[in-house]
Amino acid sequence: MTTNTINAVKQGLNGTIRVPGDKSISHRAVMFGAIADGVTTVEGFLNGEDCLSTITCFKKLGVNITQDEERVKIEGKGWNGLVEPLNILDVGNSGTTTRLMLGILATRPFHSVMIGDDSIAKRPMSRVVDPLREMGAQIDGRANGNFTPLSVRGGSTKGIDFTSKVASAQVKSAILLAGLQSAGTTSVTEPALSRDHTERMLEAYGVKVEREGLKVSVKGGQSLKASHIVVPGDISSAAFFLVAGAIVPNSQITLTGVGVNPTRSGIIDVLQKMGASLTVSNEKVVSGEPIADLTIETSSLKGIEIGGDLIPRLIDEIPVIAVLASQAEGKTVIKDAEELKVKETNRIDTVVSELKKLGASIEATEDGMIIEGTRSLKGATVNSYGDHRIGMAMAIAGLITEGQVDIERSEAIAVSYPSFFEHIDRLTK
């Protein structure tokens with residue numbers, strides 16, 4: 001177990017950094033490249049533990065994948081080139097790997113078994129398993145397939161018209177991936193629009209995707225063609241330094257090449273509504289994804305209400321948004337965020353418990369939290385509970401505390417942001 005110590009920054013955070021590649025897009029680039037025909041190259045790949053788990057799993061499925069720093073080369077096998085793995089597929093801590101691979105394996109004519117770490121073993125899989133079973137896949141596991149380990153015997157599947165109870169890109173993606181190799185048309189309708197990286201990237205790989213409001217459809221029998229993918233900076237990682245720049249006195253930070261996909265950019269909306277001094281510049285589209293440079297300065301903030309359709313667009317950023325709200329004038333209410341309970345930790349409970357240790361005025365609700373702002377924070381020992389986003393949120397809080405913050409189990413941060421503490425150091429010099 002690793003403990004990192006963070007102290008308040010007196011001189012501010014200043015400079016320019018490029019955050020690591022987008023985790024969601026990095027996962028998909030490898031997966032789609034593996035099932036495509038031809039050689040795919042990926043630039044800006046996130047060399048974090050979760051995405052490396054995806055590479056390891058597809059190597060076990062017979063795909064040749066090589067890495068050179070942030071560049072990945074995938075020698076695609078096509079759908080029919082995947083082979084039955086000799087060993088169990090270990091997804092590590094990655095829920096994306098688990099759920100999206102279920103969609104791919106559901107149509108493959110062989111048997112495979114997936115397992116992950118203790119955190120993955122607690123995360124619900126029936127939201128993906130049930131619709132895939134409806135399509136004809138044979139999937140079993142603990143609690144009737146709701147938890148890992150999961151056993152998959154794929155084969156002949158048929159398209160379905162599925163209405164999801166949750167706005168989840170992982171659920172949507174798994175079903176669409178299975179639909180590409182199923183008879184007929186497969187459709188997914190969501191209660192709100194979740195991130196659309198799968199739809200955009202499938203199109204980059206030559207797949208026809210139909211979108212109509214909250215409904216996405218694909219026809220079966222489609223193959224993928226190799227592509228060159230450039231991965232933008234991960235806005236979920238950028239969010240930590242956007243918050244830091246807004247709350248640490250005398251700060252100005254520029255983050256270059258950040259993905260600003262509208263299904264993911266809720267953190268920008270929140271910062272603007274709270275009154276942050278945020279500038280978006282150099283906007284362009286790369287590999288089907290919009291990117292931009294983001295510049296944030298120390299800001300005077302006010303509390304707001306965050307809920308409804310905004311939640312799926314910032315669900316991963318809520319831990320650090322809670323830190324932001326602790327420094328805003330007035331009350332911030334976060335609601336409609338029940339999905340936080342089934343992340344790497346129950347993020348409602350962990351955010352509230354750890355920020356309370358630092359002296360924040362924060363209370364949990366059934367579907368979110370209420371934060372009373374402008375409370376001074378004090379040093380304490382906190383715990384990431386093995387959740388990378390909790391660890392990073394506590395580190396950002398530590399930049400403004402009176403006294404040092406010791407973050408236990410800080411090694412979890414490497415899952416999505418291996419250079420996180422290095423970037424903090426760079427901005428303080």
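The values are calculated or read from the model by the stated rules, or taken from the named source; none is laboratory data. Keep in mind that this is a model prediction, so the values were computed, not measured. Here Cβ is always computed from backbone atoms with ideal geometry, including for glycine, and neighbour counts include all displayed protein chains. Calculation scope for accessible area: heavy atoms of the full protein, side chains included, ligands and nucleic acids excluded. Shrake-Rupley method; radii C 1.70, N 1.55, O 1.52, S 1.80 Å.
If only one of Asn250, Asn261 is open to solvent by less than 10 Å² (accessible area, probe 1.4 Å), assigned to a loop (DSSP other than H, G, I, E, B) and at pLDDT 95 or above, which one is it?
Asn261
Which one is nearest to Ala244 (Cα to Cα), of the residues in the stretch 325-345 that are open to solvent by less than 50 Å² (accessible area, probe 1.4 Å) and polar (S, T, N, Q)?
Ser326
Quick check on Ser410: is it touching a residue at least 12 places away in the same chain (Cβ under 8 Å), surrounded by fewer than 17 Cβ atoms within 10 Å (Cβ to Cβ) and touching a strand residue (DSSP E or B) at 6+ places or on another chain (Cβ under 6 Å)?
Judged against the criteria, Ser410 is not a match.
Please verify whether the stretch 142-164 includes one or more residues that are surrounded by fewer than 22 Cβ atoms within 10 Å (Cβ to Cβ), under 30 Å from Glu289 (Cβ atoms), within 24 Å of the chain's Cα centre (by Cα) and at pLDDT below 95.
Among the residues of the stretch 142-164, not one is surrounded by fewer than 22 Cβ atoms within 10 Å (Cβ to Cβ), under 30 Å from Glu289 (Cβ atoms), within 24 Å of the chain's Cα centre (by Cα) and at pLDDT below 95, which makes the answer no.
Just give me the residues in the stretch 65-104 being open to solvent by 90 Å² or more (accessible area, probe 1.4 Å), in a loop (DSSP other than H, G, I, E, B) and without any contact (Cβ under 8 Å) to a residue 40 or more places away in the chain, in sequence order.
Answer for the stretch 65-104, where residues must be open to solvent by 90 Å² or more (accessible area, probe 1.4 Å), in a loop (DSSP other than H, G, I, E, B) and without any contact (Cβ under 8 Å) to a residue 40 or more places away in the chain: Glu69, Glu84, Leu86, Asn87.
Would you pick out the residues in the stretch 118-128 that are outside any loop (DSSP other than H, G, I, E, B) and touching a Leu at 6+ places or on another chain (Cβ under 7 Å)?
Answer for the stretch 118-128, where residues must be outside any loop (DSSP other than H, G, I, E, B) and touching a Leu at 6+ places or on another chain (Cβ under 7 Å): just Val128.
Within the stretch 177-194, count every residue that is in contact with a helix residue (DSSP H, G or I) (Cβ under 8 Å, 6 or more places away or on another chain), farther than 22 Å from His228 by Cβ and not hydroxyl-bearing (Ser, Thr, Tyr).
Of the residues in that region, 7 qualify.
Consider the stretch 105-119. How many of its residues are surrounded by 22 or more Cβ atoms within 10 Å (Cβ to Cβ) and modelled with pLDDT under 95?
Adding up the residues that qualify gives 0.
Take Ile371 and decide whether it is out of contact with any Ser or Thr (no Cβ under 8 Å at 6 or more places or on another chain), open to solvent by less than 30 Å² (accessible area, probe 1.4 Å) and among the aliphatic types (A, V, I, L, M).
No.
With respect to Val286, determine if the residue is out of contact with any Gly (no Cβ under 9 Å at 6 or more places or on another chain), of a type in the set (Val, Ile, Thr) and either at pLDDT 95 or above or open to solvent by 20 Å² or more (accessible area, probe 1.4 Å) (or both).
Considered against the rule, which asks whether it is out of contact with any Gly (no Cβ under 9 Å at 6 or more places or on another chain), of a type in the set (Val, Ile, Thr) and either at pLDDT 95 or above or open to solvent by 20 Å² or more (accessible area, probe 1.4 Å) (or both), Val286 comes out as no.
Working only within the stretch 202-242, note down all residues that are closer than 29 Å to Arg18 by Cβ, of a type in the set (A, V, I, L, M, F, W, C) and open to solvent by 10 Å² or more (accessible area, probe 1.4 Å).
Ala204, Ala226, Val230 - these are the residues of the stretch 202-242 that are closer than 29 Å to Arg18 by Cβ, of a type in the set (A, V, I, L, M, F, W, C) and open to solvent by 10 Å² or more (accessible area, probe 1.4 Å).
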